[in-house]
1. Pairing the Cα long axis of helix 194-216 with the longest principal axis of the chain, what angle in degrees results, from 0 to 90 and rounded to the nearest 10?
2. Determine the sum of side-chain charges near THR125: Lys and Arg each +1, Asp and Glu each -1, restricted to other residues whose C-beta is under 15 angstrom from that of THR125.
3. Place the peptides 259-272, 357-370, 380-393, 139-152 in order of packing, highest mean first, counting for every residue the other Cβ atoms within 10 Å and averaging per peptide.
4. For segment 205-318, what are the per-bin percents of Cα-Cα distances with bins 5 Å wide, up to the bin holding the maximum?
5. Compute, for segment 321-375, the length of the dipole vector about the Cα centre, with Cβ point charges of +1 (Lys, Arg) and -1 (Asp, Glu) only. Units Debye, rounded to 20.
6. As a quick test, which of the pairs LYS244/LYS323; LYS208/LYS231; LYS201/LYS231 have an alpha carbon distance above 24 angstrom in this structure?
7. Among ALA378, LEU129, LEU339, pick out the residue whose Cα is farthest towards the positive end of the charge dipole of the chain, where Lys and Arg carry +1 and Asp and Glu carry -1 on C-beta, about the Cα centre.
8. May I ask you to derive the relative contact order of segment 333-479, considering only C-alpha pairs under 8 Å and at least 6 residues apart, and to give it as an integer percent?
Amino acid sequence: MIMYDIFIPDTGADRRRKMIGDYEEIQTIKELLHGSPQGLSITDISKQLHLHRTTAAKYLDMLQMKGDVDLRIMGTSKVYHPSRRVPASVLRSFYDGPFILFTTRLTVKDFSSDLAAYGIEGDITGVELTDKELSPLYDEAMTELCKRAVLGSFAEIDITTPDKKDQKNLHIRIIPVVFDDGRAGCAFLIQDVTDLAQARKEVEICEKELKIVSEDLNEFVFSCTPEGILKRVNHPFCVRMDRKPEELLGFPYEPVISHEDLERLSKMKQEITPTNPSQTISFKAIQPDGMMAFEEWTYRGIFTQDGKLSGYLAVGHDISREKHLEEQLNTFHASFEALVKQRTKEMRQANQDLMKEIARRERIERELLIIEAAFNHASDSILLFERSGRLWRANETSCRLLGYSKDEIAAISVFDINQEITPEIWEEMWEQAEQEPGISRVTSTHVRRDGTIIPVEVSRTFFTAGPMTLFCSIAREIR
């Protein structure tokens, strides 16, 4: 009998099932290694997963080249443990910045072509880390960091290139890598942060200047995050809070004020925008010593270039004295207004009394005008004399009778008009009038201005008007 070997080709479905099986077994190996950080040998893995040693070794080689596992030789055994290495081939394909790849002996195995900007020129393959060709990027701490990276640890370092004319600030990440042959190494991922370093330096200078200025102020100053976490405080604020800076920084701050004032403060913060970055509020706050104080605060929003709120800068001061003065001033105003109202009322009453008095005087003046008219137009001569004998008043009839003008007659006396009356007789007449007041009628003579003597019939009397007593002579010419 002739036996024939029959060849049955793999179908596409068979290949897919095989690939899925390989993937599941590789994932199982990774999970197994993560559950055993101390590492497992090929024998351990093949026994636990019921795999052939060759299959397990193939899977481990694949994981090692991917950077998922590391190999450690312990005696005659190869022990595998989890790793986070980056495949060097992947790094070349997907990292677009400058880099240098080192072997386990810290010699250059590969590098990018854009290192000239950092002072490294030419082919540096095989150059050791400490050689002068790499001196622009070398720092004393790098050797130890690279050794750790070769063993699987990540590190980073900031350096400054030695070229003072074109000095650069570089941030170098040192990461563990694995080459295509499964050997370990490390890589420098170089990032130029000169602009960032300069910006940070300027920020530090600004922060120092702000700190110096804020410490010299009498006002309370603090900066905080949008959530109120304190980032910076000055000395007056620490004194106000009765706390040290380290007891305040990193903790949320909220003034001890009434619920209504807290709502006003929260609403005010919501109104702060890039176009309206500053708002001011005043409230009554409880101090650490339990005393009440009036405070006024100005909150200024700090925004990023895209308009996002990054925090607040708050400046406040105690306005208790101003508030007390304001309250006193309000009290004075109220008292003054009450006094003005009282004085206005009194003045209104005084004005009313004055108007009544004016009306009364106007009435008296009208009466006096009437009396004056009657006095001047009387048919008889009326002369009024003071006790000294001087003429006090004369009517128009007396001026016509005696031939004087009004101005002229004002200068004469009783002795000029009636020559029969001497100073002695005049004094007796006054004394007699004090004892026996009344009206007397006599026939006498008057002397005219031209010296003519005319006979007259005279009615004489004394009368008192207020503080003044006068002698009244009413004369009529006898024809």
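Read the figures in this text as sums done on the coordinates, not as results from a lab. This is a predicted model, so every value here is computed, not measured. Please note: Cβ atoms are built from the backbone with ideal geometry, for glycine as well, and neighbour counts cover all protein chains shown.
1. Helix 194-216 sits roughly 30 degrees off the main axis of the chain.
2. Combined, the nearby Lys, Arg, Asp and Glu give -3.
3. The densest-packed peptide leads the list: 380-393, 139-152, 259-272, 357-370.
4. 2, 11, 20, 25, 22, 12, 5, 1, 0
5. With only Lys, Arg, Asp and Glu charged at Cβ, the dipole is about 140 debye.
6. Numbers: LYS244/LYS323 29 Å; LYS208/LYS231 14 Å; LYS201/LYS231 18 Å.
Beyond 24 Å: LYS244/LYS323.
7. Sorting the options by dipole projection puts first LEU129.
8. 19
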